[in-house]
Amino acid sequence: MPVTSEVDRPETAPDGPALPINELFASLQGEGVLAGVPSTFVRTSGCNLRCWFCDSYHTSWEPTHAWMAVDEVVAAVDERDPDHVVLTGGEPTIHDESFELLRRLDDDYHVTVETNGTVVPPADVPIDLASISPKLATSTPTPERPPAGVAPTAEGDDDGAPGVDAGEWTERHEANRVDVDALATLVDRYESQLKFVVTGRDDLPEIVDLVERVRDAASVPVPDHEVLLMPEGQTREQLAGTRTTVAELAAEYGFRYTPRIHVDLWNDAPET
Ligand SMILES: C[S@@+](CC[C@H](N)C(=O)[O-])C[C@H]1O[C@@H](n2cnc3c(N)ncnc32)[C@H](O)[C@@H]1O
Ligand SMILES: Nc1nc2[nH]cc(C(=O)O)c2c(=O)[nH]1
Ligand code: SF4
Ligand SMILES: [Mg+2]
């Protein structure tokens, strides 16, 4: 495993290339330019960031997973026989074995990779759509903004669940959340979308500035319709509080709006 891995590999892991898999399921792509397209999702565990709002808490703050050989993952995808595969996480690109999986899936599927855009894969790694979600300042966890859904403890420790210390991650998340050169390399190399999680109007100046910096560093154009604003919200109720504002901001700034149709349809149920 690479040194960047956020999960340990136990002795019981399969021999050969293997990945920590949190879930593997068929659903509809819920976000972005392919929203609505039937897809098989492969969700790896482990992340190099810690967004306070992470809707995949059990891949980041408290990672859980079963180890699957890359061969087994390919077989599980083949069994579902989709046209589209989505590799997500956690952050799938922190695992070298994800690159092997992408090479194996290339011939048979359209593969989207959901990534926070902090890691550039080796140059030979095939990706049909890089779905890049750079993280804004409002994603950073603090003791006042611990992981969503984790209540402060009775002792007044506001970092939430045992073993979860939002404050410990503040600096590390802040230092690593944006790498403009990595973002520019990804958009240069792959068909891409930049999909920002928006918590409110105050996020927009940072988005405009970051998009400009990526445009300056990239060799290809980044048209406004490849810049997507996605409302923050893990549940229908939370989304109801953000989506109209975010849709109006997209119209005002000329960016694209993306719904989270899986949340509308299935709320925060696993394997959706
Ligand atoms: C769980 S992340 C995994 C991939 C990668 N780590 C990333 O952040 O792009 C999948 C997608 O969900 C988005 N996301 C996570 N939590 C969210 C929330 N509370 N509201 C809206 N989008 C969220 C991320 O920004 C990303 O686009
Ligand atoms: N239906 C559905 N669509 C998605 N698009 C991106 C997702 C992700 O978690 O990366 C996701 C997800 O978790 N479910
Ligand atoms: S980068 Fe992605 S997986 Fe990691 S904490 Fe943020 S939303 Fe969750
Ligand atoms: Mg999701």
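Quick look at the values:
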{"read-out": "Hits in segment 114-141 - residues which are within 21 Å of ASP209 (Cα to Cα), surrounded by 24 or more Cβ atoms within 10 Å (Cβ to Cβ) and not hydrophobic (A, V, I, L, M, F, W, C)", "value": "THR115, ASN116, GLY117, SER131, PRO134, SER139"}
{"read-out": "Residues of segment 215-243 satisfying the condition of being crowded, with 18+ Cβ neighbours inside 10 Å, among the hydrophobic types (A, V, I, L, M, F, W, C) and over 18 Å from LEU183 (Cβ atoms)", "value": "LEU239"}
{"read-out": "Residue count, segment 47-101 (criterion: of a type outside the set (D, E, K, R), more than 14 Å from ligand 2 (Cβ to nearest atom) and more than 30 Å from ALA137 (Cα to Cα))", "value": "11"}
{"read-out": "Filter result (of a type in the set (Phe, Trp, Tyr) and within 22 Å of GLU232 (Cβ to Cβ)) within segment 49-68", "value": "TRP52, PHE53, TYR57, TRP61"}
{"read-out": "Of the criteria (1) over 30 Å from ALA26 (Cα atoms); (2) in a helix (DSSP H, G or I), which one SER219 fails", "value": "(2)"}
{"read-out": "Test: residue in segment 50-63 that is away from ligand 1 (no atom under 16 Å from the Cβ) and surrounded by 17 or more Cβ atoms within 10 Å (Cβ to Cβ)", "value": "no"}
{"read-out": "Every residue from segment 141-178 that is modelled with pLDDT of 95 or more and out of contact with any Gly (no Cβ under 7 Å at 6 or more places or on another chain)", "value": "PRO141, TRP169, THR170, GLU171, ARG172, HIS173, GLU174, ALA175, ASN176, ARG177, VAL178"}
{"read-out": "Condition met for PRO122 (out of contact with any Ser or Thr (no Cβ under 7 Å at 6 or more places or on another chain), within 13 Å of ligand 3 (Cβ to nearest atom) and in a loop (DSSP other than H, G, I, E, B))", "value": "no"}
{"read-out": "GLU100 vs. criteria surrounded by fewer than 21 Cβ atoms within 10 Å (Cβ to Cβ) and in a helix (DSSP H, G or I)", "value": "yes"}
{"read-out": "Boolean, ARG9 is of a type in the set (Lys, Arg) and over 14 Å from the mean Cα position of the chain (by Cα)", "value": "yes"}
{"read-out": "Test: residue in segment 228-245 that is over 26 Å from THR59 (Cβ atoms), modelled with pLDDT of 95 or more and of a type outside the set (Ser, Thr, Tyr)", "value": "no"}
{"read-out": "Filter result for the condition that a residue is surrounded by fewer than 18 Cβ atoms within 10 Å (Cβ to Cβ) and in contact with a strand residue (DSSP E or B) (Cβ under 9 Å, 6 or more places away or on another chain), over GLU191, GLU174, GLU212", "value": "GLU191"}
{"read-out": "Segment 222-260, subset in a helix (DSSP H, G or I) and acidic (Asp, Glu), residue nearest to the chain's Cα centre (by Cα)", "value": "GLU226"}
{"read-out": "Given (1) of a type outside the set (Asp, Glu); (2) under 16 Å from ASN116 (Cα atoms); (3) modelled with pLDDT of 95 or more, number of the condition ILE21 does not satisfy", "value": "(2)"}
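Per-residue answers, yes or no, for (1) farther than 24 Å from ASP108 by Cα; (2) more than 13 Å from ligand 3 (Cβ to nearest atom); (3) part of a strand (DSSP E or B):
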| position | (1), (2), (3) |
| --- | --- |
| ALA13 | yes, yes, no |
| GLY16 | no, yes, no |
| LEU19 | no, yes, yes |
| SER39 | no, yes, yes |
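The values are calculated or read from the model by the stated rules, or taken from the named source; none is laboratory data. Being a predicted model, the structure only gives us computed values, none of them experimental. Note that each Cβ is placed from the backbone with ideal geometry, even for glycine, and that neighbours are counted across all protein chains shown.
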